[in-house]
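Take a look at the structure set out below.
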């Protein structure tokens, strides 16, 4: 049976290290299929969605997060959203970008994103969401998130994520791992990991050879009192619906809606994340205008 996507959490070194490993191939294949992503876009989005799944697993309850990479590079940036139960979605702004391979013969993800800024926005149900931002260091995504964790969250981290793209554009393998030193970790652990990580094969090679997230964690931390904890499925999920889009039209305000009602027989609305298309008839726009007319306070706030 084909391996399904999932994430596993673990601790090591008497609980002073926390670690996550995730297999995300089906998730990224779904994104590639829906959006017609070219290889560089698939790799950039796949790496970012994989880290977002890990960060989502650190949340609780109804909390969710959004990752934005604002880029002046040719990919123009991307947006990823994840929650605490393994749902993730995302899109890139230039999905059919073509670039030559980089100097190492790899997909030029760094060249596609740099220069730019990485933003992480956590909605934890408070009055204002928490936001942290760092400048992209390499644009290779894993390095940039490691820098983000160190600077914005003061958590030394190893982040290795990868997406292996087939010649036909489909995803051969995708996933990664994140290892974090907690505040009471022995300082020698960082040195130990720094010496070990360079001798570990690239994560895409591990995944493509059939290594499971558990096997990857054992390879990394198996001699450091590794304890595997909960395992959860992960999936590409977009909660968009016709009702959501219809309600979002109200935020345009009366003047804009009146213009649309006169100009269009039917509105065609496309979700950036999943590319689902929704149609709103002129009569429905007129109904929204009536709702605004009966809600002067709401319209004033737009």
- request: Being in contact with a strand residue (DSSP E or B) (Cβ under 9 Å, 6 or more places away or on another chain) and part of a loop (DSSP other than H, G, I, E, B) is the filter here, so list the residues in the range 114-131 that pass it.
  value: 114, 115, 124, 129
- request: Would you please list the contacts, defined by Cβ atoms under 6 Å and residues six or more apart or on different chains, that run from a residue in the range 74-85 that is closer than 14 Å to residue 56 by Cα to a residue that is assigned to a loop (DSSP other than H, G, I, E, B)?
  value: 84/59; 84/60; 84/63
- prompt: Does residue 258 count as touching a strand residue (DSSP E or B) at 6+ places or on another chain (Cβ under 7 Å), more than 25 Å from residue 49 (Cα to Cα) and either modelled with pLDDT under 80 or surrounded by fewer than 13 Cβ atoms within 10 Å (Cβ to Cβ) (or both)?
  reply: no
Residue check for residue 72: over 25 Å from residue 221 (Cα atoms) and either buried (at least 24 other Cβ atoms within 10 Å of the Cβ) or modelled with pLDDT of 95 or more (or both): yes
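Per-residue answers, yes or no, for (1) surrounded by fewer than 16 Cβ atoms within 10 Å (Cβ to Cβ); (2) within 20 Å of residue 177 (Cβ to Cβ); (3) assigned by TED's automatic domain parsing to the domain that holds residue 20; (4) touching a residue at least 12 places away in the same chain (Cβ under 8 Å):
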| site | (1), (2), (3), (4) |
| --- | --- |
| 50 | no, yes, yes, yes |
| 60 | yes, no, yes, yes |
| 68 | no, no, yes, yes |
| 96 | yes, no, yes, yes |
| 113 | no, no, yes, yes |
| 122 | no, no, yes, yes |
| 129 | yes, no, yes, no |
| 135 | yes, no, yes, yes |
- prompt: Going by the conditions given, is residue 171 crowded, with 20+ Cβ neighbours inside 10 Å, in contact with a helix residue (DSSP H, G or I) (Cβ under 7 Å, 6 or more places away or on another chain) and either closer than 15 Å to residue 10 by Cβ or not assigned by TED's automatic domain parsing to the domain that holds residue 29 (or both)?
  reply: no
- prompt: Tell me, which helices (runs of 4 or more DSSP H) wholly within the range 210-302 include 2 or more residues that are farther than 30 Å from residue 84 by Cα?
  reply: 254-263, 282-293, 296-301
Qualifying positions in the range 84-113 - outside any loop (DSSP other than H, G, I, E, B) and closer than 15 Å to residue 50 by Cβ: 87, 88, 89, 90, 92, 109
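The values are calculated or read from the model by the stated rules, or taken from the named source; none is laboratory data. Model, not experiment: these values are computed from the prediction. We place every Cβ from the backbone using ideal geometry, glycine too, and count neighbours over all the protein chains shown.
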